[in-house]
Amino acid sequence: MKVVILGCSRVGALLATELFSKGDEVSVIDQDPGSLKRLGRDFDGKAFLGIGIDEGALKKAEIEKAEVFIAVTNDDNTNLMAAQLVREKFKTPKIFLRVYDPKRAEAFKELGLNIICPTIDTAKKIEKFLSEKA
Amino acid sequence: MYVIIVGGGQVGHSLARLLMAEKHEVLLVEKDPARYSKLSEEFGESVILGDGAELDTLMDMGANRADVLVAVTGMDQDNLVICQMAKILYLIPKTIARVNDPKNEEIFQSLGVDATVSSTRIIGSLIEEKIDAGMFIPLLALKGGEVEIFQTQLSSDSTLIDKKISKLTLPQNCIIIAALRENQIIIPKGDTILKENDTIITLVGKDAKDTFKKLFL
């Protein structure tokens, strides 16, 4: 399976290395060469320097062949724009993205995007622990 | 009209001034505190500190009663998301985004932004037009360049002058929307006659652009 990951954040790098070790074909895009170092030595997929809201960078990372696109930069708006750009232009079958701001996450879920909101998830998990203890 | 402008840089600042002079109700939104305090010296309560993509800011702005929202920050992804949030949550009738990378014009419009303005593109075509014809000034590009508004001054040998507009053979998808003569603005009708030195404003479709230019040369 071909996967393109935008943003070599902690979660981006973790996903990239995990998926790569399972045998997936992985391309990672980040605008910061320092972040790409997170991939480590064992990662033998492809890493590209560039911004993800740019069609050129996405094409270089072979988005046209990808089955999955994951947008996990640290900027909500970049993830939202990249995911929608990829959906419109390249019709990639599976798209996932991270949005920290719960309100923004809720609003954009209306547009049918697969949004993961770590803020909501963390709060829910903690609440659950608390209610279990009580 | 109530207009919200997000982004208090050069573009937002001048736009706010311009619209206020025309007696519109304007609210400027800036997220950088230093820039905000400078702007508030000039605009007072008409500027607020906040991130235009956040729901709380949108609420503070009174987004529910806005007629137009214009997002003119320097980041395309921010301008897009701000316009989309305004549409999804507040059904703002008209959103306009500045597009810093002209390549993004098309995608913005397919994602629901009503109009895009790309200064890079306008300046680019200004330079191009200068070399090209010497007298076509592109004022505005709509629908990602599908339709453009041009300003042109009519010379003495123009084929358009001294004839009724209804007798002119203009290409399809091309309408003369106004003529400026001295200090007068003329909205042309079929029997209007254009004169030498009139400045005319024309709406031209992409496919009609070449034919349109030839008419004036």
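Among (1) without any contact (Cβ under 8 Å) to a residue 24 or more places away in the chain; (2) over 30 Å from A:Ala105 (Cβ atoms), there is one condition B:Ser46 misses while meeting the rest; what is its number?
(1)
Run A:Ile126 past the list (1) away from every other protein chain (no Cβ under 14 Å); (2) under 22 Å from B:Glu54 (Cβ atoms); (3) more than 17 Å from the chain's Cα centre (by Cα) and report the number of the one that doesn't hold.
The single condition A:Ile126 does not satisfy is (2).
Counting only residues that are assigned to a strand (DSSP E or B) and surrounded by fewer than 24 Cβ atoms within 10 Å (Cβ to Cβ), how many does region B:99-124 have? Give the steps one after another, and end with the answer.
Filtering region B:99-124 down to residues assigned to a strand (DSSP E or B) leaves B:115-117.
Imposing the further condition that a residue be surrounded by fewer than 24 Cβ atoms within 10 Å (Cβ to Cβ) reduces the set to B:115, B:117.
So the answer is 2.
Of everything in region B:85-122, what is closer than 15 Å to B:Glu54 by Cα and either at pLDDT 95 or above or small (Gly, Ala, Ser) (or both)? Give them in sequence order.
Correct list: B:Ala86 only.
Name the strands (runs of 3 or more DSSP E) wholly within region B:136-217 that hold at least 1 residues that are among the hydroxyl-bearing types (Ser, Thr, Tyr)? First the steps, then the outcome.
Values: elements: B:137-142, B:147-153, B:174-181, B:184-186, B:199-205.
By residue number, B:147-153, B:199-205.
Taking region B:91-105 on its own, how many of its residues are more than 9 Å from chain A (Cβ to nearest Cβ) and among the acidic types (Asp, Glu)?
Start the filter on region B:91-105 by keeping residues that are more than 9 Å from chain A (Cβ to nearest Cβ), which leaves B:91-100, B:102, B:105.
Going one step further and asking which of them are among the acidic types (Asp, Glu), we end up with B:105.
Of the residues in region B:91-105, 1 are more than 9 Å from chain A (Cβ to nearest Cβ) and among the acidic types (Asp, Glu).
From the list B:Met85, B:Met61, which residue is among the aliphatic types (A, V, I, L, M) and either within 12 Å of chain A (Cβ to nearest Cβ) or surrounded by 24 or more Cβ atoms within 10 Å (Cβ to Cβ) (or both)? Even if it seems obvious, please write down each step before you answer.
Values: B:Met61 fails: either within 12 Å of chain A (Cβ to nearest Cβ) or surrounded by 24 or more Cβ atoms within 10 Å (Cβ to Cβ) (or both).
Result of the check over B:Met85, B:Met61: B:Met85.
Mind listing whichever residues of region B:125-146 are at pLDDT 75 or above and surrounded by fewer than 17 Cβ atoms within 10 Å (Cβ to Cβ)? Break it down stepwise before answering.
Step one: of region B:125-146, the residues at pLDDT 75 or above are B:139-142, B:146.
If the condition is that a residue be at pLDDT 75 or above and surrounded by fewer than 17 Cβ atoms within 10 Å (Cβ to Cβ), then B:Leu139, B:Leu140, B:Leu142, B:Glu146 are the ones that fit.
When region A:72-108 is examined, which residues are found to be more than 9 Å from chain B (Cβ to nearest Cβ) and among the hydrophobic types (A, V, I, L, M, F, W, C)?
A:Val72, A:Ala83, A:Val86, A:Phe90, A:Ile95, A:Phe96, A:Leu97, A:Val99, A:Ala105
When B:Arg17 is evaluated against the numbered criteria (1) surrounded by fewer than 19 Cβ atoms within 10 Å (Cβ to Cβ); (2) within 13 Å of chain A (Cβ to nearest Cβ), which criterion, by number, is the only one it fails?
(2)
The values are calculated or read from the model by the stated rules, or taken from the named source; none is laboratory data. Predicted model, so just to flag it, every value in this text is computed and none were measured. When we count neighbours, we look across all protein chains shown, and the Cβ atoms used for this are built from the backbone with ideal geometry, even at glycine.
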